[in-house]
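A.B. asks: Dumping the structure here so I can ask a few things about it.
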Amino acid sequence: MGGRVLSVASECVPLVKTGGLADVVGALPAALGAVGWDMRVLIPAYRDLAAQAKSWPVVFEEPDLWGGKGRVLAGEVAGVSLLLLDAPHLYDREGGPYSSNKGEHPDNAIRFAALSWVAARIAREGLVAREGLAGWKPDVLHAHDWQAGFAPAYLAYHGNGGVKSVLTIHNIAFQGWAPAQMLGVLRLPGHAFHSEALEYFGGISSLKAGLVTADRITTVSPSYAAELMRPEFGMGLQGVIAARGAVVTGILNGVDTGVWDPGAEDPPFGARAVAGKAVARARLFEEFALEVPGPLAIVVSRLTDQKGIDLLPAVVPDLVAGGGGLIVLGSGDPAMEGAMRALAARFPGRVAVKIGYDEALSHRLFAGADAVLVPSRFEPCGLTQMYGLRYGTLPVVSLVGGLADTVIGVSPATLATNAANGVTFHPVDAMALRQALAKLLDLYRQPKLWAKVRANAMTHPVGWETSAAAYAGLYDGLIA
Ligand code: ADP
Ligand code: GLC
């Protein structure tokens, strides 16, 4: 069938990224375009973006956006059709999308309500047609995470103009809470302030608002969809999600196989020609002054509690004793950054750490390493384990969320059926992770077996095809 969809989010690659949300929002338009859905992406025009979009045409205006005007500028970047919401009083700020070095922006509830308000208006009314520009009205509004959670609510409470809505949960840990007194300010109706609708722990959560009003709810893996209905993972919203269970689906993320392509690395390699990987490994040893006889593992991650980074200090000594090494690339929690630095200081030549964000280095790491560690406590989908699969860098993952849906751990049965593509462990604690690393070391001592698992990993499909078809099916069903 096909149609038009307005995707609304706070991040989109290549313009602005703090995590996998941006990768997914940036990859969906091409993936869905291939199956007949014309997707445009609305994000705020943060300071740098507004400067880039200066000459873009204005395709929508909102005179009353919480203390100033908003204008929507249309343009294309890296093949993505973008709509940038330019509202300097909200988005022309120092720092990242949510915070500056002084902390979170105090008006985040309003900044993202404004994004959602304009999204709902565009959905309802369509973009303006003007000289040289056709109008454009979506059939579906697709909102991502708490930042866009009010968009389905505005459609539900202010009229939807025939447009259907989808809300995707990328991470339930962020829920967009605001105090109850803000209900009117946020343009939400008093009659909906009760526990079955907007009220959440005495206040308002933009994520809950989206969950109770969207026509469909998705999350980024089938396992996470099931986990979210349980208290250990639902973070307070489990009941809300379970109550809407009939419209909840899990659709696994893909990765952009054009960007994550071992055949495009230097030197190139692939499932049937892995020699280049050994060269990349040797170069990493040089770059980081390492000498590692066994498997070289990497971590490329936000350094947070979600990612289980705090488990590493307890297990790295055993990895090193078994001949392995580790390079950590990431930033986040200052205590975890310190702990990673301490590991590097304790094991010179075996462990190296780079605190920061470095896209080019992350490619070199996936190309040259033997394994990628993802010991997350919860993981809605996770992308780095899929980069690992594609690059033959065996994922060592906890069995949660999207990790459980993409990695098949080595065992006699999975080896016999050529299914094994990594190492999995559960529960998420140091003892289980230590055992997983012992398995990895053991596998590395059996080169034939290692090569087999690596080949399984590299041929495991991680592209967008299947998931794009699933989203298209969901949209088609909504507008049928
Ligand atoms: P999350 O969104 O929870 O952080 P994902 O695995 O979905 O986790 O996505 C993280 C994305 O950010 C991946 O593309 C990963 O490669 C990238 N990334 C995380 N930390 C770094 C870093 N320090 N340098 C480069 N890329 C990073
Ligand atoms: C969130 C999740 C991550 C997921 C990403 C993209 O950041 O933490 O697991 O891959 O969103 O959906």
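The values are calculated or read from the model by the stated rules, or taken from the named source; none is laboratory data. Everything quoted here is computed from the prediction, not taken from an experiment. Cβ sites come from the backbone with ideal geometry, for glycine too, and all protein chains shown count toward neighbours. Just so you know, the surface numbers come from the protein's heavy atoms only, side chains and all, with ligands and any DNA or RNA stripped out. Shrake-Rupley method; radii C 1.70, N 1.55, O 1.52, S 1.80 Å.
A.B. asks: Can you name the number of the only condition in (1) surrounded by fewer than 23 Cβ atoms within 10 Å (Cβ to Cβ); (2) closer than 20 Å to Ala151 by Cβ that Ser100 fails?
C.D. replies: So Ser100 meets the others, but not (2).
A.B. asks: Ok, one more. Suppose the filter is touching a residue at least 12 places away in the same chain (Cβ under 8 Å), open to solvent by less than 30 Å² (accessible area, probe 1.4 Å) and out of contact with any helix residue (DSSP H, G or I) (no Cβ under 6 Å at 6 or more places or on another chain); does Val428 pass it?
C.D. replies: The answer is no for Val428.
A.B. asks: List every residue pair whose Cβ atoms lie under 8 Å apart, where the two residues are 6 or more positions apart in sequence or sit on different chains, the first residue falls within segment 408-424 and is under 11 Å from Lys439 (Cβ atoms), and the second residue, located anywhere, is of a type in the set (Ser, Thr, Tyr) and assigned to a strand (DSSP E or B).
C.D. replies: Listed by first residue and then by second, the contacts come to Gly409/Thr424; Thr424/Ser398.
A.B. asks: Val353 passes all but one of (1) surrounded by fewer than 23 Cβ atoms within 10 Å (Cβ to Cβ); (2) touching a residue at least 12 places away in the same chain (Cβ under 8 Å); (3) out of contact with any helix residue (DSSP H, G or I) (no Cβ under 7 Å at 6 or more places or on another chain); which number fails?
C.D. replies: (3)
A.B. asks: A further question follows. Taking the criterion of being under 17 Å from Phe112 (Cβ atoms) and among the charged types (D, E, K, R), would at least one residue in segment 234-252 satisfy it?
C.D. replies: no
A.B. asks: Within segment 326-350, how many residues turn out to be crowded, with 21+ Cβ neighbours inside 10 Å and either over 24 Å from Gly392 (Cα atoms) or under 20 Å from the mean Cα position of the chain (by Cα) (or both)?
C.D. replies: 5
A.B. asks: Further question on the same structure: Might you check whether a residue that is touching a residue at least 40 places away in the same chain (Cβ under 8 Å) and of a type in the set (Asp, Glu) occurs anywhere in segment 87-98?
C.D. replies: Within segment 87-98 (the criterion being touching a residue at least 40 places away in the same chain (Cβ under 8 Å) and of a type in the set (Asp, Glu)), the answer is yes, since at least one residue qualifies.
A.B. asks: Of the residues that make up segment 36-52, is at least one closer than 24 Å to Tyr475 by Cα and surrounded by fewer than 21 Cβ atoms within 10 Å (Cβ to Cβ)?
C.D. replies: The answer is yes; a qualifying residue exists.
A.B. asks: A follow-up question, please. Please determine whether any residue of segment 139-148 is in contact with a Phe, Trp or Tyr (Cβ under 6 Å, 6 or more places away or on another chain) and not in a helix (DSSP H, G or I).
C.D. replies: Yes.
A.B. asks: Could I ask something else about it? Does Gly203 satisfy the condition of being touching a helix residue (DSSP H, G or I) at 6+ places or on another chain (Cβ under 9 Å), over 22 Å from Gly401 (Cα atoms) and not polar (S, T, N, Q)?
C.D. replies: Taking the combined requirement at face value, the residue satisfies it.
A.B. asks: Ala173 is checked against (1) crowded, with 17+ Cβ neighbours inside 10 Å; (2) of a type in the set (A, V, I, L, M); (3) touching a residue at least 60 places away in the same chain (Cβ under 8 Å) and fails just one. What number does that condition carry?
C.D. replies: (1)
A.B. asks: A further question follows. Give the residues of segment 22-35 that are open to solvent by 20 Å² or more (accessible area, probe 1.4 Å) and closer than 26 Å to Leu207 by Cα, sorted by residue number.
C.D. replies: Answer for segment 22-35, where residues must be open to solvent by 20 Å² or more (accessible area, probe 1.4 Å) and closer than 26 Å to Leu207 by Cα: just Asp23.
A.B. asks: Can Gly263 be described as loosely packed, with under 15 Cβ neighbours inside 10 Å, modelled with pLDDT under 95 and not hydroxyl-bearing (Ser, Thr, Tyr)?
C.D. replies: No: the conditions fail for Gly263.
A.B. asks: Which of (1) in contact with a Phe, Trp or Tyr (Cβ under 8 Å, 6 or more places away or on another chain); (2) open to solvent by 30 Å² or more (accessible area, probe 1.4 Å); (3) assigned to a helix (DSSP H, G or I) is the odd one out, the single condition Ala280 does not satisfy?
C.D. replies: Answer for Ala280: the failing condition is (2).
A.B. asks: State whether one or more residues within segment 234-242 are assigned by TED's automatic domain parsing to the domain that holds Trp146, open to solvent by less than 10 Å² (accessible area, probe 1.4 Å) and not in a loop (DSSP other than H, G, I, E, B).
C.D. replies: Yes; the residues of segment 234-242 include at least one that is assigned by TED's automatic domain parsing to the domain that holds Trp146, open to solvent by less than 10 Å² (accessible area, probe 1.4 Å) and not in a loop (DSSP other than H, G, I, E, B).
A.B. asks: Let me ask something else about it. Can you name every residue in segment 178-211 that is part of a loop (DSSP other than H, G, I, E, B) and polar (S, T, N, Q)?
C.D. replies: If the condition is that a residue be part of a loop (DSSP other than H, G, I, E, B) and polar (S, T, N, Q), then Ser195 is the only one that fits.
A.B. asks: If you don't mind, there's one more thing I want to ask. Quick check on my filter: what residues within segment 437-476 are small (Gly, Ala, Ser) and more than 25 Å from the chain's Cα centre (by Cα)?
C.D. replies: Ala438, Ala451, Ala455
A.B. asks: Being part of a helix (DSSP H, G or I), away from ligand 1 (no atom under 12 Å from the Cβ) and either more than 23 Å from Leu319 (Cβ to Cβ) or open to solvent by less than 10 Å² (accessible area, probe 1.4 Å) (or both) is the filter here, so list the residues in segment 405-418 that pass it.
C.D. replies: Within segment 405-418, Asp405, Pro412, Ala413, Ala416 meet the criteria.
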